[in-house]
């Protein structure tokens, strides 16, 4: 979940093309709740600063109901204290903006490798 439409579109395009993933988008917490109620994701990419609430508070909701969904926080808040707070709130990983696409893909692959029972790694070339 990302509230910046340009970043959201770029991430979706990159993850679908390079990673071969099926991406569902949510611009805010309300949309994310609806998406999860329809179908649980294999992994969630979550921003902290959202227009209708705090991503860390939403993360606590996720952990209370769906503790097994891996969550990657993606935030402009990149100081060590922010990262520690995110991980202590229940995130499985944290990437500060700006970031490189190759790093994001590698971290998503690592999270899925550890959490998905029948994970089959995808081949993708990154330069």
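General observations
- A simple spin-label model places pseudo-atoms 7 Å from Cα toward Cβ; at residue 10 and residue 49 they are separated by 1.6 nm.
- Pair-distance profile P(r), taking every C-alpha pair of the chain, with 5 angstrom steps and integer %: 2, 10, 22, 25, 23, 13, 4, 0
- Additional length obtainable on full extension of the chain from residue 66 to residue 96, 0.36 nm per residue less Cα span: 8.4 nm
- Relative contact order of the range 1-86: 28 percent, from C-alpha pairs under 8 Å at least 6 residues apart in sequence.
- Full extension of the chain between residue 31 and residue 113 yields a length gain of 26.8 nm, computed as 0.36 nm times the residue separation minus the alpha carbon distance.
- For the chain, built as a Gaussian network whose Cα springs stay under 10 Å, the top-fluctuating residue of 63, 33, 17: 17
Quick note: the coordinates plus some simple rules give every number you see, no bench work behind them. Computed from a prediction, not measured in an experiment: that's the story for all the values here. Methodologically, a virtual Cβ is constructed for each residue, glycine included, from the backbone with ideal geometry; neighbour enumeration extends over all protein chains shown.
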